[in-house]
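Worksheet for the structure shown next.
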Amino acid sequence: MTTLTHAYRQAPWRVQRQIVVTVLAVVVFAAMVAALYLSVTARTAILGREIQELSAEIEDIRQENADLTIELARLRSTAEMERRARAMGFSPAEPEDLEYIFVPGYWPSGPVSFASHTSHSGAIAVPAAYTQSLFDWFLDRLQETTPAGNRTSQR
Amino acid sequence: MRKQFIWRSQAVAVLFTFLGFSVVAQVVRIQNSPEAAAFLRQQSDRYAGQFRTIYPTRGEIYDRNGYLLAGNQTVYEIGVDLKAMRNPHTIALALSTHLGMDYNRVYEKLINPPQGQVYLPITDFVPAQKAEVLQQLIESLSEQPTDSSAADSPSLAGLEIRSHLQRSYPEGDLAANVLGFVTREGRGYFGVEEKYNDNLAGKPVTVWVPLDPNRVEETPKIPQGATLILTLDRELQLAVEDILAQALYRTGAENGTIVVMDPRNGEILAMASTPRMDLNRFWNYDSVYQNASEFNRAVSMPYEPGSVMKVFTMAAALDTGVVSPDTPFLDTGAIQVGGVTIKNWDEQAWGPQTMLGCMQHSLNVCLAWVATQLGPQTFYDYMQRFGFGHATGIDLAGEATGRLKVPGDADWYPVDLGTNAFGQGVTVTPIQMVMAASAITNGGRMVTPHVLYAMVEEGQQYNTPIQYAGTPISAEAAHLLSEMLAVSLEGESSAALVPGYRVAGKTGTAQIPTPYGYYTSGITNASFIGWGPVDDPRFIVYVWLEKPTSSIWGSETAAPVFAEVVRKTVVLLDIPPDAVRQKTMER
């Protein structure tokens with residue numbers, strides 16, 4: 001055994017191979033880390049560019065939207081509508097031209113409302129799976145499986 | 001052989017060791033020196049990105065039915081990236097040809113740019129069509145093979161076209177006096193644009209925009225400027241402006257104002273004033289207006305209203321019980337107040353009258369007598385309660401207060417009590433008159449006029465609540481007066497009457513004071529204030545024509561204009577004739 005160990009240690013090619021393999025292992029490891037880093041960095045950079053392009057696109061769309069709103073307003077402007085109405089043979093109504101009819105339950109509409117019913121939160125909604133506990137999930141499932149008629153509507 | 005290289009190896013080893021220690025020493029130094037660390041961080045940040053101020057898109061303005069009155073449109077800034085510029089001659093030539101700019105000035109600017117500047121703005125607010133032509137030219141020249149070594153080869157390299165939004169008014173001059181305008185610097189002037197400038201403009205936010213794609217983040221959401229919904233009805237506004245233009249042509253008046261308000265809530269439905277300008281060409285302001293008060297005479301131009309003021313004198317007298325509609329008065333054609341003789345408009349004596357007759361025939365002598373019966377204290381108390389001499393608080397920029405002299409003022413004389421009673425010697429704005437009249441239509445309660453129906457911010461709509469401005473007279477006095485004015489119009493077969501609708505109102509013809517204190521003869525301000533339907537008022541209309549030439553009398557110039565406005569108003573606001581409405585209410 002001692003002779004074997006001695007012979008192994010004495011063999012110079014074995015020592016060299018050991019060093020080469022170690023160095024190679026380090027190089028391979030470093031290359032893997034570098035490749036991984038490069039991959040992540042490249043993906044981040046691509047996403048960054050995409051964000052920049054999307055921001056520019058949002059601005060372009062916003063301007064286009066404003067232009068279209070103005071164009072539509074010009075097409076619906078009083079001067080344009082009057083010109084088109086007259087061309088179609090209409091004339092402004094006078095009080096004598098009107099006939100009023102009693103319609104039970106009719107309530108004239110008021111001024112326009114621009115209130116939006118959609119959420120304007122800028123944050124991305126986190127799925128419930130990330131926030132609810134197992135108990136919450138279990139309760140949700142239970143409620144979904146319960147027939148609608150059995151639920152109480154009071155809250 | 002190997003020994004020969006030992007010293008060299010040692011030298012290299014020492015050098016690398018030294019470099020290593022230097023790096024470590026520098027790291028330690030920076031770590032322990034906040035100034036050095038801050039400096040290096042600053043240097044790093046300087047090239048890593050830039051601070052950019054993001055201006056929110058200016059909010060839009062709509063009428064009460066959702067028609068756009070003011071929006072935004074893309075325009076273009078033309079500039080040159082000086083580092084990329086190859087041929088200033090081509091650029092100057094292109095800009096002079098397609099944008100009509102002066103070639104020499106542009107060329108001079110390009111070859112002598114300010115020191116250290118890398119981007120040179122040439123012009124701004126270029127419309128889309130022209131910018132598109134330039135863009136096509138840039139693209140066509142960039143596609144042509146050019147000899148880069150030849151300095152004079154045509155090139156538009158470096159010419160940049162950047163887009164941004166600018167205020168635009170799709171209706172041109174419609175409601176110009178109410179809207180106001182926005183300059184190229186983005187600031188609102190006059191009307192709603194000035195009054196709500198901060199809300200419309202929003203809050204600019206400065207954000208750090210990294211140039212390194214690795215550090216790019218989503219631009220924070222900047223809230224847009226608030227959207228405004230006005231109380232104006234676009235169709236009625238157009239009709240009123242047309243009626244005013246025709247009235248000026250017909251009567252020869254220099255200028256005019258018409259205000260239509262819903263007396264139940266103070267909503268201004270239409271407000272027309274001359275002259276008006278196309279808001280898309282706001283730079284013409286100086287050539288259209290002599291001074292700022294002309295932009296919207298309805299709120300900014302005080303004047304002596306004349307006999308329309310008698311409405312409020314009579315209101316005060318009825319409320320205090322000094323007179324009733326049947327109180328007799330013997331009109332002798334003249335009355336002494338404060339040592340000065342006051343006469344009727346025709347300088348005639350009208351004999352025995354009642355208060356109804358005094359209003360019907362617009363007798364100055366009678367109303368001056370009524371004011372003396374009230375006494376100065378009570379009279380001016382009522383006038384102040386009606387809001388004269390104070391701003392109404394309407395949400396439009398540049399409101400004037402007018403002038404109501406009161407006892408104790410250096411320039412008040414006892415005769416003023418008599419003249420003020422019929423609207424001379426006191427200045428008011430049309431909007432003050434409309435607000436004061438709302439007390440008579442609302443059972444004594446006065447409402448503050450407003451043009452903002454609602455403000456929309458981030459999806460939430462905030463409606464303007466009704467604001468009351470006091471109760472100057474009782475409900476009984478208001479009803480009595482309204483009835484008196486309706487009967488007096490019917491009694492004289494006024495041109496203000498509208499078939500099918502019972503209206504109440506009063507004419508006014510006022511002499512115009514000169515800068516020297518005397519009144520001109522033959523030149524007047526003609527006015528009319530009226531409302532209807534009398535039993536359930538849905539509108540107050542005020543008409544003011546300045547210096548009409550066809551006739552000096554309000555009854556012949558302003559009263560027919562009132563009738564025309566009412567005829568349009570009842571159609572556009574779906575107000576059925578009294579008979580139909582009363583029949584409907586009975587069901």
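The values are calculated or read from the model by the stated rules, or taken from the named source; none is laboratory data. Computed from a prediction, not measured in an experiment: that's the story for all the values here. FYI the Cβ positions are ideal-geometry reconstructions off the backbone, even for glycines, and counts take in every protein chain you see.
Worth pointing out:
- Scanning the stretch B:525-543 for residues that are of a type outside the set (Gly, Ala, Ser), in a strand (DSSP E or B) and touching a helix residue (DSSP H, G or I) at 6+ places or on another chain (Cβ under 6 Å) returns B:Phe528, B:Ile529, B:Trp531, B:Phe539, B:Ile540, B:Val541, B:Tyr542, B:Val543.
- Any hit, the stretch B:36-44, residues being within 30 Å of B:Arg234 (Cβ to Cβ) and either modelled with pLDDT under 90 or loosely packed, with under 10 Cβ neighbours inside 10 Å (or both): no
- The residue that is nearest to the other protein chains (Cβ to nearest Cβ), counting only those in the stretch B:544-583 that are in a loop (DSSP other than H, G, I, E, B) and either on the phi > 0 side of the Ramachandran plot or of a type in the set (A, V, I, L, M, F, W, C) (or both), is B:Asp574.
- Some residue of the stretch B:452-461 being within 14 Å of chain A (Cβ to nearest Cβ), small (Gly, Ala, Ser) and free of Cβ contacts under 8 Å to residues at least 24 places away in the same chain: yes
- Contact map, the stretch B:487-505: residues that are within 13 Å of chain A (Cβ to nearest Cβ) paired with residues that are part of a helix (DSSP H, G or I) and aromatic (Phe, Trp, Tyr), Cβ distance under 9 Å, separation 6+ or inter-chain. Pairs shown: B:Val498/B:Phe562; B:Val503/B:Phe562.
- Any hit, the stretch B:280-298, residues being touching an Asp or Glu at 6+ places or on another chain (Cβ under 6 Å) and crowded, with 16+ Cβ neighbours inside 10 Å: no
- Residue ID - farthest from the chain's Cα centre (by Cα), chosen from residues in the stretch B:162-187 that are of a type in the set (A, V, I, L, M) and either at the interface with another protein chain (Cβ under 8 Å from one of its Cβ atoms) or assigned to a strand (DSSP E or B) (or both): B:Leu165
- For B:Ala94: the one exception among (1) within 14 Å of chain A (Cβ to nearest Cβ); (2) surrounded by 15 or more Cβ atoms within 10 Å (Cβ to Cβ); (3) farther than 30 Å from B:Thr219 by Cα; (4) of a type outside the set (S, T, N, Q): (1)
- Restricting the search to strands (runs of 3 or more DSSP E) fully inside the stretch B:321-361 and requiring at least 1 residues that are among the acidic types (Asp, Glu) and either within 24 Å of B:Ala486 (Cα to Cα) or touching an Asp or Glu at 6+ places or on another chain (Cβ under 9 Å) (or both) gives B:328-331.
- Scanning the stretch B:30-53 for residues that are small (Gly, Ala, Ser) and without any contact (Cβ under 8 Å) to a residue 60 or more places away in the chain, we see that the one that is nearest to the other protein chains (Cβ to nearest Cβ) is B:Ser44.
- Any pair with Cβ under 7 angstrom, 6 or more apart, that starts in the stretch A:88-113 at a residue that is within 7 Å of chain B (Cβ to nearest Cβ) and ends at one that is modelled with pLDDT of 85 or more and in a loop (DSSP other than H, G, I, E, B): A:Pro95/B:Gly500; A:Tyr100/B:Pro576; A:Pro108/B:Asp574; A:Pro111/B:Arg64; A:Pro111/B:Asn65; A:Val112/B:Arg64; A:Val112/B:Asn65; A:Val112/B:Gly66
- The condition (being surrounded by fewer than 17 Cβ atoms within 10 Å (Cβ to Cβ) and away from chain A (no Cβ under 14 Å)) is satisfied by just one residue among B:Pro88, B:Pro56, B:Pro114: B:Pro114.
- Restricted to the stretch B:494-524, and to residues there that are polar (S, T, N, Q) and either modelled with pLDDT of 95 or more or assigned to a strand (DSSP E or B) (or both), the residue that is surrounded by the fewest Cβ atoms within 10 Å (Cβ to Cβ) is B:Ser521.
- Condition broken by B:Glu241, with the remaining ones in (1) assigned to a strand (DSSP E or B); (2) under 18 Å from B:Ala558 (Cα atoms) satisfied: (1)
- Filtered residues of the stretch B:211-222 (kept if surrounded by 14 or more Cβ atoms within 10 Å (Cβ to Cβ) and more than 8 Å from every other protein chain (Cβ to nearest Cβ)): B:Ile222
- Qualifying residues in the stretch B:59-68 (those that are more than 8 Å from chain A (Cβ to nearest Cβ) and of a type outside the set (A, V, I, L, M, F, W, C)) - the one surrounded by the most Cβ atoms within 10 Å (Cβ to Cβ): B:Asp63
- Verdict on B:Leu545 being in contact with an Asp or Glu (Cβ under 9 Å, 6 or more places away or on another chain), within 21 Å of B:Ala239 (Cβ to Cβ) and at pLDDT 95 or above: yes
This table checks each residue for (1) crowded, with 22+ Cβ neighbours inside 10 Å; (2) in contact with a Pro (Cβ under 9 Å, 6 or more places away or on another chain).
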{"site": "B:Ile229", "(1), (2)": "yes, yes"}
{"site": "B:Ala253", "(1), (2)": "yes, yes"}
{"site": "B:Arg264", "(1), (2)": "no, yes"}
{"site": "B:Pro275", "(1), (2)": "no, no"}
{"site": "B:Pro302", "(1), (2)": "no, no"}
{"site": "B:Gly306", "(1), (2)": "yes, no"}
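- B:Phe51 vs. criteria exposed (fewer than 11 other Cβ atoms within 10 Å of the Cβ) and at pLDDT below 90: yes
- Of all residues in the stretch B:319-341, exactly one satisfies the criterion of being under 40 Å from the mean Cα position of the chain (by Cα) and either among the β-branched types (Val, Ile, Thr) or surrounded by fewer than 14 Cβ atoms within 10 Å (Cβ to Cβ) (or both), namely B:Thr320.
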